[in-house]
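Have a look at the structure below, then the notes.
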Amino acid sequence: MAIFAGILTSLPFFFDAIENRNGRLLPDFILELIPARNFSIAVFFLIWSCCLLLLLRIYRDPMMLLVTLWAYNTVTLLRMACIGLISLNPPVGLIPLADPITNQFYGAHYITHDLFFSGHTTTVFLIFLCLKKKGDRIYALAASILLGIFLLGQHVHYTIDVLAAPVFTYAAYLLALLFTKNERSLLIPEDLPS
């Protein structure tokens, strides 16, 4: 929780710093085929509905909370490192995402240089990985796919940003499982006496 709080506290400063950089434009033939449209409402409905679903499930499953926190902390630090090392300018035709909730944390301006890799896709895909019920997982996976499509349709990210997000997220999830192996083993009895 302390790492999570530290990350949340540092994000506004981090995003301010990267917004002042000038980076490269990437060629993206997929974005060139898609006219930009505003999908902000759909994007944030998918994100916040998945977050709410996760909150409802972790309420009764502290181990899910622990795995989710470790994975989120890991993938967020990894994402910050990638964004710090790979300076990109936003895609041509970008329509900024407008979310009244996250804009409270990041300020009134829009963040457009947090590109490689997509944090929105990462968040929803991580929720998919952490959920346990089949119906929940189907919803979160469908939300991840739709979210990626909407982000590309709004030209918020390059195609590589969206495609790379699940790969990095899955790696962070596996690390979280490794970090919590001992705690998870305490919940599953190895041998029951006969």
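Here are the numbers for the structure shown:
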{"item": "Choice from GLY153, GLY135, GLY84 with maximal GNM fluctuation in the chain (Cα, 10 Å cutoff)", "result": "GLY135"}
{"item": "Among LEU77, LEU26, LEU56, residue whose mean-square fluctuation peaks in a GNM of the chain (springs only between Cα atoms under 10 Å)", "result": "LEU56"}
{"item": "Inter-label distance for LEU186 and LYS134, nm, one decimal - labels placed 7 Å from Cα along Cα-to-Cβ", "result": "3.2"}
{"item": "For a label point 7 Å along the Cα-to-beta-carbon line of ILE86, residues of the range 1-39 with backbone N under 13 Å", "result": "24-27"}
{"item": "Charge dipole of the chain about the Cα centre (unit charges at C-beta), most positive-ward option of ILE47, LEU115, ILE95", "result": "ILE47"}
{"item": "Residues ARG137, ARG57, ARG21, ARG79, sorted so that the one with the fewest Cβ neighbours within 10 Å comes first", "result": "ARG21, ARG137, ARG57, ARG79"}
{"item": "For the chain: relative contact order, % (alpha-carbon pairs under 8 angstrom, 6 or more apart)", "result": "33"}
{"item": "Nearest-ten-degree value, helix 134-153 long axis tilted from longest Cα axis of the chain", "result": "10"}
{"item": "Extent along principal axes [Cα atoms of the range 1-106; Å; largest to smallest]", "result": "45, 29, 26"}
{"item": "Cα centre as origin, Lys/Arg/Asp/Glu Cβ charges: the chain dipole, Debye", "result": "320"}
{"item": "Degrees, to the nearest 10: 119-130 long Cα axis against longest axis of the chain", "result": "20"}
{"item": "Segment ILE95-PHE13, extension gain: residue separation times 0.36 nm, minus the distance between their alpha carbons", "result": "27.2 nm"}
{"item": "ILE30-LEU146 FRET efficiency (beta carbon distance; Förster radius 25 Å; 0.05 resolution)", "result": "0.95"}
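None of the figures in this text is laboratory data; all of them are computed from the coordinates on show. Because the structure is predicted, anything quoted here is derived from the model rather than measured. Every residue, glycine among them, receives a Cβ derived from its backbone with ideal geometry; neighbour counts consider all protein chains shown.
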